[in-house]
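First comes the structure, then the notes that go with it.
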Amino acid sequence: MILVAVLVIEVMARLALEIRERRLSQLRGGVFAVLRLIPLVNDIVPLPENRREPTENEFVRKHEEGHSELRHGILRNLAKVALLLLAVWLFAFLLASRGMSLVEAVLWLHLAAIPFRTVFHLYCWHQEYEADRYAFEKLGKKVAKAAMRDLAVSEIPYTKLFAVIYREHPTVAIRSQKILNKEIKAGQGRAA
Ligand SMILES: [Zn+2]
């Protein structure tokens, strides 16, 4: 059956991604890493992003101001609603027109959502870059750099590939590359 084959491919691909992540980050995945391999379960497993809460500072406040100035929350919600409608349509189509069972339809929906989720993440990332740029223009390079270093201390380092699959936020490494043309990696101290 095609469905089973595609699900096996999904599990294998996620396993390869986890192994690559462990190797590159040198961090253990824990129980969440195992849960991320299981179809459907991986749709709801939370991904911890920070070791501790990032410090609230001027840059963070301006970044948030940028989000609201640029209407990011509304746009993000509209994108979510559009994706949800698409999912409802696909679900109804699979059940009614293709005569699938409920379980089959849910699993196909889960698979179809993977590329859409990735695109949605990239859209969210784009908003983060815009909010960063907004804050950068208001506060300047020095403040932005200090804020990125601050953030790097609290962030759990994920690779770009892993982040685009699982995270709505770009990593500090990507954000600092975007606004400072310099990659500040998570785990690097603020003293540098
Ligand atoms: Zn943001």
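The values are calculated or read from the model by the stated rules, or taken from the named source; none is laboratory data. Given the structure is predicted, the values throughout are model-derived calculations rather than measurements. In this analysis, Cβ positions are derived from the backbone assuming ideal geometry, glycine residues included, and neighbour counts consider all displayed protein chains. To get the accessible areas, we keep the full protein, side chains included, count just its heavy atoms, and leave off ligands, DNA and RNA. Shrake-Rupley method; radii C 1.70, N 1.55, O 1.52, S 1.80 Å.
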Exercise. Kindly express, to the nearest 10 degrees and within the range 0 to 90, the angle between helix 141-154's C-alpha long axis and the longest C-alpha principal axis of the chain.
Key: 50 degrees
Practice problem: Counting only heavy atoms of the protein chains, get the accessible area per residue of the stretch 1-106 (1.4 Å probe) and round it to a whole Å² value. | Solution: 69 Å²
Quiz prompt | Two-site FRET efficiency, SER101 against ARG76, from Cβ-Cβ distance with R₀ of 45 Å, rounded to 0.05 | solution = 0.85
Exercise. Mind telling me which of PRO170, PRO39, PRO48 comes out most flexible in a GNM of the chain, alpha-carbon contacts under 10 Å?
Key: PRO48
Practice problem: Provide the FRET efficiency to the nearest 0.05 for the ARG22-LEU86 pair, computing r from the beta carbons and using R0 = 30 Å. | Solution: 0.30
Exercise. Taking 7 Å along the Cα-to-C-beta vector as the label spot, tell me the ARG51-LYS160 distance in nanometres, rounded to one decimal.
Key: 2.4 nm
Quiz prompt | Local net charge near LEU47, Cβ-Cβ under 11 Å (Lys/Arg +1, Asp/Glu -1) | solution = 0
Practice problem: Quickly estimate the mean residue ellipticity at 222 nm for the chain, helices only: each DSSP H run with n ≥ 4 gives -39500 (n - 2.57), and the total goes over all residues, rounded to 500. | Solution: -24000 deg cm²/dmol
Quiz item: How much of the accessible area of the chain, probe 1.4 Å, is carbon plus sulfur, in whole percent?
Solution: 65 percent
Self-check item: the stretch 36-126: C-alpha gyration tensor shape, a/c 1.5 cut-off, then a/b vs b/c
Solution: oblate
Quiz item: What is the spin-label model distance, in nm, from ILE114 to ASN181 if the labels are put 7 Å beyond Cα along the C-beta direction?
Solution: 3.8 nm
Quiz item: For TYR158, what is the net charge nearby, where nearby means another residue's Cβ is under 9 Å from its Cβ and Lys, Arg count +1, Asp, Glu -1?
Solution: -1
Practice problem: For the chain, set up a Gaussian network in which alpha carbons nearer than 10 Å are linked by springs, and say which option among VAL143, VAL45, VAL31 fluctuates the most. | Solution: VAL31
Quiz item: Of the lysine pairs in the stretch 29-182, how many meet both conditions: Cα atoms under 18 Å apart, and a spacing of 8 or more in sequence or different chains?
Solution: 14
Practice problem: Add +1 for every Lys or Arg and -1 for every Asp or Glu among the other residues with Cβ under 14 Å from the Cβ of GLY73, and state the total. | Solution: -3
Self-check item: Principal axes of the chain: Cα extent on each, largest first, Å
Solution: 60, 38, 25
